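Undergrad: Below is a structure I'd like to ask you about.
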């Protein structure tokens, strides 16, 4: 690793000031699982690390006006075992449980995972399906973005120079909703997915027809992405094998996977349809149970 | 300058910012129990506890431990008496070549701190980040079950 300055401010404004001072050469670090690994591999060589580890107030898990708010410094493990997360969003707790190993989940933070913007990560997929919003702070003040507008490209986000993710907020689901997250892992349990799929289904009052569905996918494009054409096919429909097949086929049109050691592009595209069908089935069943 | 407590002993160290916690433990403090295997947080040979939570010390910077408390495999035994997890690994044959053992033992201790009576499934899920190329894992699971049973007794 290269030599670098290390700053560990206790207040957010000080962290923003240091980021401003160093400009593009500074990197923000929290858990370090992504950044330190990339530094060890000499993929990044920052001149300064601005650690958020001692910044007060960024580590809270709280209910705010019916929404769930996770501070940027909340670790994956803290959110995974939080009673509030488990009760309000069991699908998010289950998603977090599937990330790497307990050791990594003790280190990696929610905000860090968003800022890292690796499309192979799991939590952004479920957060995208849940309609989460990112809270951002920078020298010019606070702003918020829907997660769908936050990811721009491979490891690229909408964060401007000097800006930080400070929290993510997840709105509560309407009554009659069910959710599922599935991760296709043909190799080892701690691997990134070959394809990851999250689905949310909200049923009409008859508990039969779909009012709204949201489908998000990971590991099959340069960002986590929504399968909007597949979602559109589902509204007003009843669950059937042919509907699931049509949604799976439509989802294939949204993805653009890379061939790698987790599967060829064609295989990942084919498995996208399979995983979308399975995730929708599970979400639909969960929605029926909740109604 | 960082201040950290390792296995109950306070240290003040002047180290480069790029020093990993693992290198700090091994080369600055001489605690060579924790090993470097993969160097990217996957294999578990460098597992230590930071404020009681198990982490990969190969991808943690030593500066992350400033003001915090670290437990390594050297900190488990009390005087000459092995920790019950260590004794159980010996009794149940939970290791062969031994390279992964410090990480296995520290992870197993963290597991029993979090879940005192784990099922086999819980053991396997918790320990999946500690790779072993000798045992086939069966005897590691048995060792942890034995340690859990002894702490119940």
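No value in this document is a laboratory result; all are computed from the given coordinates. Computed from a predicted structure; not experimentally measured. Virtual Cβ from ideal backbone geometry, glycine too; neighbours counted across all protein chains shown.
Undergrad: Using 7 Å Cα-to-Cβ label points, what is the residue B:3/residue A:14 separation (nm, one decimal)?
TA: Here the answer is 1.5 nm between the modelled labels.
Undergrad: Could I ask something else about it? Which whole-number percent is the relative contact order of chain B (Cα, under 8 Å, 6+ apart)? If you can, show how the numbers build up before the last one.
TA: Numbers: 268 pairs, mean separation 37.7, N = 153.
Once divided by the residue count of chain B, the mean separation gives 25 percent.
Undergrad: Taking every DSSP beta bridge that has both residues in the range A:1-91, what percent is antiparallel when rounded to the nearest 5?
TA: Values: 4 of 11 bridges.
In the range A:1-91, approximately 35 percent of DSSP beta bridges are antiparallel ones.
Undergrad: Just rank B:135, B:5, A:272, B:72, fewest to most, by other beta-carbon atoms within 10 angstrom.
TA: Ordered by Cβ neighbours within 10 Å, fewest first: B:5, B:135, B:72, A:272.
Undergrad: Let me ask something else about it. Quick check: Cα centre of the range B:43-73 to Cα centre of the range A:173-243, how many Å?
TA: About 37 Å separates the Cα centre of the range B:43-73 from the one of the range A:173-243.
Undergrad: May I ask you to work out the translational diffusion coefficient for the range B:1-127 at 25 °C, viscosity 0.890 mPa s, via Stokes-Einstein with Rh from the Kirkwood sum over Cα pairs, reported in whole µm²/s?
TA: Numbers: Rh = 14.9 Å.
Rounded, D is 165 µm²/s.
Undergrad: Starting with the fewest neighbours, write out A:1, A:39 ranked by other beta-carbon atoms found within 10 Å of each beta-carbon.
TA: On the way: A:1 17, A:39 23.
Least to most surrounded, the residues fall as A:1, A:39.
Undergrad: Ok, one more. Where a ≥ b ≥ c are the square roots of the eigenvalues of the C-alpha gyration tensor, would you call the protein assembly as shown rounded, which needs a/c under 1.5, or, failing that, prolate if a/b is larger than b/c, or oblate?
TA: Details: a/c = 1.96, a/b = 1.36, b/c = 1.44.
Oblate shape, in that a/c is at least 1.5 and b/c is the bigger or equal ratio.
Undergrad: How far apart, in nm, are the 7 Å Cα→Cβ label points at residue A:118 and residue B:32?
TA: 3.2
Undergrad: Give, in nm to one decimal, the length gained when the segment between residue A:153 and residue A:204 is fully stretched (0.36 nm per residue of separation minus the Cα-Cα distance). Could you put the intermediate results ahead of the total?
TA: Values: separation 51, 0.36 × 51 = 18.36 nm, distance 3.56 nm.
Between residue A:153 and residue A:204, full extension yields an extra 14.8 nm.
Undergrad: Something else now. Could you work out how far apart the two model spin labels at residue A:189 and residue A:222 are, taking each label as a point 7 Å from the Cα in the direction of the beta carbon, and quote it in nm?
TA: 3.6
Undergrad: Further question on the same structure: 222 nm [θ] for the protein assembly as shown, helices only, -39500 (n - 2.57) per DSSP H run of 4+, per residue, to 500? Don't skip to the end; give the middle numbers.
TA: Details: 16 runs with 152 residues, N = 444.
So the calculated ellipticity at 222 nm is -10000 deg cm²/dmol.
Undergrad: How far is the Cα center of the range A:10-26 from the Cα center of the range A:148-166, in Å?
TA: A separation of 16 Å, based on Cα centres.
Undergrad: Right, another one. Considering Cα pairs under 8 angstrom that are at least six residues apart, work out the relative contact order of the range A:61-170 and quote it in whole percent.
TA: Numbers: 188 pairs, mean separation 32.0, N = 110.
RCO, the range A:61-170: 29 percent.
Undergrad: Between residue A:232 and residue B:121, what is the FRET efficiency for a Förster distance of 41 Å, r being their Cβ-Cβ separation, to the nearest 0.05? Please list the in-between numbers first.
TA: Details: r = 40 Å, r/R0 = 0.97.
With R0 = 41 Å, the Cβ-Cβ based efficiency is 0.55.
Undergrad: If a/c stays under 1.5 just call it rounded; otherwise compare a/b with b/c (prolate if a/b is bigger, oblate if not). Do that for the range A:5-51, with a ≥ b ≥ c from the square roots of the Cα gyration tensor eigenvalues.
TA: Details: a/c = 2.91, a/b = 1.62, b/c = 1.79.
Oblate shape, in that a/c is at least 1.5 and b/c is the bigger or equal ratio.
Undergrad: The range A:60-100 to the range A:110-124: how many Å between their Cα centroids?
TA: Cα centres, the range A:60-100 to the range A:110-124: 14 Å.
Undergrad: Which one of B:68, B:133, B:19 has the biggest mean-square fluctuation once chain B is modelled by GNM with Cα springs under 10 Å?
TA: Ranking B:68, B:133, B:19 by mean-square fluctuation puts B:133 first.
Undergrad: Can you sort B:59, B:99 by how many other beta carbons sit within 10 Å, fewest first? Before the final figure, lay out the partial values.
TA: Working: B:59 29, B:99 17.
Neighbour counts put them in this order, fewest first: B:99, B:59.
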